[in-house]
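Structure first, commentary second.
Since every read-out is calculated from the coordinates, none of them should be taken as a lab result. Remember, it's a predicted structure, so these values are computed and weren't measured experimentally. Counting neighbours? That spans all protein chains shown, and the Cβs are built from the backbone with ideal geometry, glycine included.
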Amino acid sequence: MLDTPFVKTLQEDCRYVRCDFCHAERPFTLIPCEGCTWVMYCSQECLSKAFDQYHRYECGVMRDAYSVCGRFPATALRATATAISIFDGDLVALQNHLDALDESQVNGFTMDWRTATPKDVYSTMHVLTTNQERRGLVDRTYQILVAILLHKAMVERTELEPTCKASPKMDKLLFDLILRHAQTIRCNHQLLFFYEGQPEEKGFEHKLYGAACYPSVSMLNHSCASNVRRLILPDGRCAMIVIRPIGKDCQLFDSYG
């Protein structure tokens, strides 16, 4: 089982070492975005793809999102920017898509990923659990505060400003998306690690370099006796490796530890 991340971000201390788009290692030779100089890319191709797929809606916000709010809110910001880009910046079309979406019919395990459109892929991301009803008052208050800050910054610093100021409904949609993605990322994120050789210890140490959210892998439940294991590939995809016998129609279990 291979799963492609809907959204992924770099650990802050890896910004000068890895491409923000493809996560390839290119130490100190990266090309910074001319708008924010915060994110950097290994090539003009990656820079262009990132701008088209999400960065145009996060450029003026990402630096503060990291420094003020942290990694997971920044990932939620990028998820929101990606969703908006999928609909070519048309918030009305995005709203119509969500209004028509039957969440009970969205299943990443049964969907044909070979023919899935970007909108179909976003639907699998949108329906991931938020666990809002299980959160305490302090946690919910914090998530709302983060969403308010990111929403205000996106409205004031991106091309979404005219649309949001002209339509309270679209303005609320943007806030709702940020809040929802902040909650889903918190519950469903996967940390990205690489293994670094330790010659003195004659072994390897895994080190964190980013975070991602996978539409299908995120749906696997936890078990201390898991039957699959996650393996993050160099291109960012997640491979689920079978480590125990799995009977027909049996559930896949991952270990969150």
Could you derive backbone 3J(HN,Hα) for the range 230-238 from the dihedral phi with the Karplus parameters 6.51, -1.76 and 1.60 (θ = phi - 60°), listing whole Hz in sequence and x where the residue is Gly or Pro? 7, 9, 7, 7, x, 8, x, 5, 10
For the chain, size of Cβ-based charge dipole, Lys and Arg +1, Asp and Glu -1, in debye: 420 debye
Can you give the FRET efficiency for residue 107 and residue 256, using 1/(1 + (r/R0)^6), R0 = 22 Å, r = Cβ-Cβ distance, to the nearest 0.05? 0.55
Where chymotrypsin sites (Phe, Trp or Tyr not before Pro) in DSSP loops with at most 16 other Cβ within 10 Å are excluded, longest remaining stretch of the chain: 114-255
What GluC sites (Glu not before Pro) does the range 9-84 have in DSSP loop regions with at most 10 other beta carbons within 10 Å? 34
Flagged as over-length at 27 Å C-alpha distance, from 8/165; 49/119; 119/207; 8/207; 119/169; 172/207, the pairs are 8/165; 119/207; 172/207
Summing -39500 (n - 2.57) over every DSSP H run of at least 4 residues in the chain and dividing by its residue count gives a helix-only mean residue ellipticity at 222 nm, to the nearest 500 deg cm²/dmol, of -11500 deg cm²/dmol
Residue by residue, what Karplus-based ³J(HN,Hα) values in Hz, rounded to whole numbers, does the range 204-214 have, using 6.51, -1.76 and 1.60 with θ = phi - 60° and x for Gly and Pro? 10, 10, 7, 10, 6, 10, x, 9, 8, 10, 10
How about the range 149-248: which trypsin sites (Lys or Arg not before Pro) there lie in a loop by DSSP and see at most 12 other Cβ atoms within 10 Å? 202, 248
Kindly write out, for the range 102-109 in residue order, the coupling ³J(HN,Hα) from the Karplus curve 6.51 cos²θ - 1.76 cosθ + 1.60 (θ = phi - 60°), rounded to whole Hz, with x marking Gly and Pro. 9, 4, 5, 9, 8, 9, x, 7
Of the listed values [x] 58, 46, 41; [y] 84, 44, 31; [z] 59, 41, 36, grab the one calculated as Cα extents along the principal axes in Å from the structure here. [x]
If amide hydrogens are placed 1.01 Å from N in the peptide plane, which non-local residues have theirs closer than 5 Å to the one on residue 210? 11, 192
Counting Lys and Arg as +1 and Asp and Glu as -1 over every other residue whose Cβ sits under 14 Å from the Cβ of residue 169, the net charge comes to -2
Pop a pseudo-label 7 angstrom from the Cα along the beta-carbon direction at both residue 145 and residue 15 and give the gap in nm to one decimal. 2.3 nm
So, over other residues within a Cβ distance under 15 Å of residue 93, counting Lys, Arg +1 and Asp, Glu -1, the net charge is -2
